[in-house]
1. Quick check on segment 81-98: of everything there that is without any contact (Cβ under 8 Å) to a residue 60 or more places away in the chain and not in a loop (DSSP other than H, G, I, E, B), which residue is most open to solvent (accessible area, probe 1.4 Å)?
2. Name the residue, out of GLU140, GLU166, GLU171, that is of a type in the set (D, E, K, R), closer than 30 Å to GLY94 by Cα and modelled with pLDDT of 95 or more.
3. Are there strands (runs of 3 or more DSSP E) fully within segment 1-58 with at least 1 residues that are in contact with a Gly (Cβ under 7 Å, 6 or more places away or on another chain) and open to solvent by 60 Å² or more (accessible area, probe 1.4 Å)? List them.
4. Would it be correct to say that LEU178 is closer than 26 Å to LYS65 by Cβ, in contact with a helix residue (DSSP H, G or I) (Cβ under 6 Å, 6 or more places away or on another chain) and not polar (S, T, N, Q)?
5. If I filter segment 162-176 for residues that are touching a residue at least 60 places away in the same chain (Cβ under 8 Å), of a type in the set (Lys, Arg), part of a loop (DSSP other than H, G, I, E, B) and open to solvent by 50 Å² or more (accessible area, probe 1.4 Å), do I get at least one hit?
6. Among the residues of segment 8-15, are any of a type in the set (A, V, I, L, M) and either under 27 Å from ILE107 (Cα atoms) or out of contact with any Asp or Glu (no Cβ under 8 Å at 6 or more places or on another chain) (or both)?
7. Taking segment 112-121 as the region of interest, how many residues are within 22 Å of LEU158 (Cα to Cα) and open to solvent by 40 Å² or more (accessible area, probe 1.4 Å)?
8. For segment 99-117, enumerate the residues that are closer than 11 Å to GLY151 by Cα and either part of a strand (DSSP E or B) or under 17 Å from the mean Cα position of the chain (by Cα) (or both).
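The values are calculated or read from the model by the stated rules, or taken from the named source; none is laboratory data. A quick note: this is a predicted structure, and the numbers were derived from the prediction, not measured. Note: ideal-geometry Cβ built from the backbone for every residue, glycine included; neighbour counts use all protein chains shown. Accessible surface areas use protein heavy atoms only, side chains included; no ligands, DNA or RNA. Shrake-Rupley method; radii C 1.70, N 1.55, O 1.52, S 1.80 Å.
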Amino acid sequence: GDQILFQRGNQWIGTITVSSAGTSGSPVVYGAYGTGENPKIYGSEKIAGWTKHSGNIYKASFNSKINQLFANEGRMKAARHPNSGMIFISSTSGSTSLTANDLDGSINYAGAKWFGRTNYFTTSLINVNSSGSKTLTLSEAPRFPLKAGLGFMLMNKLEFLDQPGEWFYDENTKTVYLWTERGDSPENYLIRGSVYKDGFYLSAKNYVTIKDIHLLQQSEKGIHLNNSNH
């Protein structure tokens with residue numbers, strides 16, 4: 001029967017882990033009070049301290065790994081190759097090696113993330129261990145076998161950041177790179193990176209009500225239900 005209420009017009013950052021269950025007639029309620037906009041719970045943190053890297057690309061140090069980047073609430077596009085559409089597998093060798101004639105053979109793709117469709121309803125995100133000419137070797141086999149004709153794209157390389165609205169995060173140097181849509185400094189915007197997986201996390205907690213709360217920019221789930229009912 002307890003209620004945990006957040007003041008409208010305010011905002012918080014992080015994950016709410018629900019620690020208690022309710023009962024059929026007396027659920028635990030998470031909600032809002034006061035007037036104004038519903039309270040906001042962000043799964044992201046602000047990124048500041050931008051300096052120019054080169055051209056229209058700026059950079060900033062950020063210690064937490066991110067999987068989404070937002071500028072004034074608008075989600076930016078992760079730097080990728082190609083910039084649109086897919087590259088298609090020309091041939092395969094074994095379960096982890098593929099050749100694509102449309103790849104640029106002069107680029108070392110090692111360290112990139114391979115995002116590929118290996119089934120009509122399945123995609124995989126796998127590290128690229130090495131590359132040579134137009135051949136890539138993946139760190140593991142996807143859930144369904146590689147085969148000629150299937151599409152993929154590559155992410156997670158600074159070399160792929162080549163147009164406005166794109167970003168890249170270097171895990172080794174803890175650095176975020178961004179090319180804003182207007183090519184100006186990111187200091188002119190509110191930049192946020194997704195850090196926290198969930199807005200709410202419930203594990204074996206029944207009879208919980210969540211209402212009147214705005215969940216934003218979590219890296220995986222707004223509300224994560226694990227073995228929880230009602």
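1. The selected residue is SER93.
2. GLU140
3. Working: elements: 3-7, 11-13, 28-33, 40-42, 44-46, 51-54.
It comes to 3-7.
4. Considered against the rule, which asks whether it is closer than 26 Å to LYS65 by Cβ, in contact with a helix residue (DSSP H, G or I) (Cβ under 6 Å, 6 or more places away or on another chain) and not polar (S, T, N, Q), LEU178 comes out as yes.
5. Yes, segment 162-176 has at least one match.
6. For segment 8-15, residues of a type in the set (A, V, I, L, M) and either under 27 Å from ILE107 (Cα atoms) or out of contact with any Asp or Glu (no Cβ under 8 Å at 6 or more places or on another chain) (or both): absent.
7. 2
8. Step one: list which residues in segment 99-117 are closer than 11 Å to GLY151 by Cα, which gives 100, 114-117.
TRP114, PHE115, GLY116, ARG117 - these are the residues of segment 99-117 that are closer than 11 Å to GLY151 by Cα and either part of a strand (DSSP E or B) or under 17 Å from the mean Cα position of the chain (by Cα) (or both).
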